[in-house]
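Chemist: Could you have a look at this structure, given as C-alpha cells, before my questions?
The values are calculated or read from the model by the stated rules, or taken from the named source; none is laboratory data. As the structure is a computational prediction, the values presented were derived from the model and not from experiment. Glycine also receives a Cβ, built like all others from the backbone with ideal geometry; neighbour counts cover every protein chain displayed.
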Ligand SMILES: NC(=O)c1ccc[n+]([C@@H]2O[C@H](COP(=O)([O-])OP(=O)(O)OC[C@H]3O[C@@H](n4cnc5c(N)ncnc54)[C@H](OP(=O)(O)O)[C@@H]3O)[C@@H](O)[C@H]2O)c1
C-alpha cells in the first residue's frame, strides 16, 4: 500500500500560514497539489511565505495570501470570500493562528485572556461557522484545529493559552457529531514544544518570569520530553495532511497529541 494522499485539486485555507506550523502545513498541502489561501496580518511576511511556497515543486496548485487580523469578525468573512473568489471552492480548513503569551497569573490583566480568546477560540469557531455552509453543500469537508498540550495539561504561567485550548477541545469534540452528518470531519492536533518563532518567544517570556536564562528554560523543556527532541513544524504538517486525506475518512472528533511522550494520559 502506498500513501498516496489524493488531495490534488482541493482548496485549503490555512490561518497563520506565514510562519511556523501554518507555513509548514501550507507548503505540504501545496506540494500535494492543493490550492492554498494563507491568512495572517503582516503583508511582508505573507509575501515571503508565498515566494517560499511557490518555489516548491507543485502539481499545478496556486497559493494566495490574504492579509487579515483574525481577531476581527469581518476579517473571517474576508478570508472566506476571497478564497471562494479565487478558487470557487473550499475543502479544507487548517485553523492555526494563535499567539497567547506566557505570564504569571497576578501579572496578567484581562487583555491577555481576551486577546487569546478572541484570536484563537473565537477565531477558530468563527471560521468553522463561515466555511461549514460551503462544505455542507459539497457533502465533504476536512477541518484540523491546531490546539496545544496546555488544554489538557495546564501550566500556571500559560493560563490564557491553556483556557483557550481547553475550550477549543470542547468545541472540536462538541461539534464533530453534528458535522459528521454532512461528511465533514473535524479533528485536533495538539503539539507540545515545536521549533517555531513562537516557541522562541515563549521561552524568552518564561525566562523572564522565572528570572533564569533562555538557555536554561530550553534545556529544562528538552529534559521533560521522554523522546528527548523538540518537534519540527513539518511533523505537525505531515499529520495534518494525513488527517485531511481519505486515509482518515473514519476519524473525527479526536485529538492527536504530538509531544514526544511528555503527557501520555489515559
Ligand atoms: N510552537 C509550539 O511550540 C506550539 C505548541 C503548542 C501549540 N501551538 C499552536 O500552534 C499554532 C501555531 O503556532 P506557531 O508556533 O507556528 O506560531 P508562529 O510561528 O508565531 O506563527 C503564528 C502565525 O499566526 C499568525 N498570526 C498571529 N496573530 C494573528 C492574528 N491576529 N491574525 C491573523 N494571523 C495571526 C502569524 O502571522 P502575523 O503575526 O503576521 O499575523 C503567523 O503566521 C498556534 O495556535 C499555537 O498556539 C504551538
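Chemist: Can you name the residue in the stretch 34-74 that is under 21 Å from residue 129 (Cα atoms) and without any contact (Cβ under 8 Å) to a residue 12 or more places away in the chain and is also nearest to the ligand (Cβ to nearest atom) among such residues?
Modeler: Going through the qualifying residues, I end up with 72.
Chemist: Related question: For the stretch 162-172, state whether one or more residues are within 28 Å of residue 247 (Cα to Cα), out of contact with any helix residue (DSSP H, G or I) (no Cβ under 8 Å at 6 or more places or on another chain) and crowded, with 20+ Cβ neighbours inside 10 Å.
Modeler: Yes, that holds for at least one residue.
Chemist: So residue 3 fits all but one of (1) touching a helix residue (DSSP H, G or I) at 6+ places or on another chain (Cβ under 8 Å); (2) crowded, with 21+ Cβ neighbours inside 10 Å; what number is the exception?
Modeler: (2)
Chemist: All but one of (1) within 18 Å of the chain's Cα centre (by Cα); (2) closer than 28 Å to residue 108 by Cα; (3) buried (at least 17 other Cβ atoms within 10 Å of the Cβ) hold for residue 201; state the number of the condition that does not hold.
Modeler: (3)
Chemist: Here are 28, 24: which of them is within 13 Å of the ligand (Cβ to nearest atom), out of contact with any strand residue (DSSP E or B) (no Cβ under 9 Å at 6 or more places or on another chain) and assigned to a helix (DSSP H, G or I)?
Modeler: On the way: 28 fails: within 13 Å of the ligand (Cβ to nearest atom).
When all the criteria are applied, what remains is 24.
Chemist: Right, next: From the list 169, 179, 135, which residue is at pLDDT 95 or above and within 15 Å of the ligand (Cβ to nearest atom)?
Modeler: Exactly one of 169, 179, 135 is at pLDDT 95 or above and within 15 Å of the ligand (Cβ to nearest atom), namely 169.
Chemist: Please determine, by comparing only the residues of the stretch 75-90 that are in contact (Cβ under 8 Å) with a residue 60 or more places away in the chain and touching a helix residue (DSSP H, G or I) at 6+ places or on another chain (Cβ under 6 Å), which one is nearest to residue 117 (Cα to Cα).
Modeler: Taking the candidates together, the pick is 80.
Chemist: Next question. Out of everything in the stretch 95-134 that is assigned to a loop (DSSP other than H, G, I, E, B) and under 17 Å from the mean Cα position of the chain (by Cα), what residue ends up being surrounded by the most Cβ atoms within 10 Å (Cβ to Cβ)?
Modeler: Checked the stretch 95-134; the qualifying residue surrounded by the most Cβ atoms within 10 Å (Cβ to Cβ) is 96.
Chemist: Then there's this: Conditions: (1) over 14 Å from residue 193 (Cα atoms); (2) within 16 Å of the ligand (Cβ to nearest atom). Residue 261 meets all but one. Number of the miss?
Modeler: Here residue 261 meets the rest and fails (1).
Chemist: Separate question: Starting from the stretch 194-209, take each residue that is closer than 13 Å to residue 98 by Cβ and list its partners that are within 7 Å of the ligand (Cβ to nearest atom) and not in a helix (DSSP H, G or I), counting only C-beta distances under 7 angstrom and pairs at least six apart or across chains.
Modeler: From the stretch 194-209, the pairs are 196/19; 197/19; 198/99; 199/193.
Chemist: Follow-up. Out of everything in the stretch 138-161 that is crowded, with 24+ Cβ neighbours inside 10 Å and part of a loop (DSSP other than H, G, I, E, B), what residue ends up being nearest to the ligand (Cβ to nearest atom)?
Modeler: 148
Chemist: Across the stretch 31-68, which residue is modelled with the lowest pLDDT among those that are in a loop (DSSP other than H, G, I, E, B) and surrounded by fewer than 15 Cβ atoms within 10 Å (Cβ to Cβ)?
Modeler: Looking at residues that are in a loop (DSSP other than H, G, I, E, B) and surrounded by fewer than 15 Cβ atoms within 10 Å (Cβ to Cβ), I get 59.
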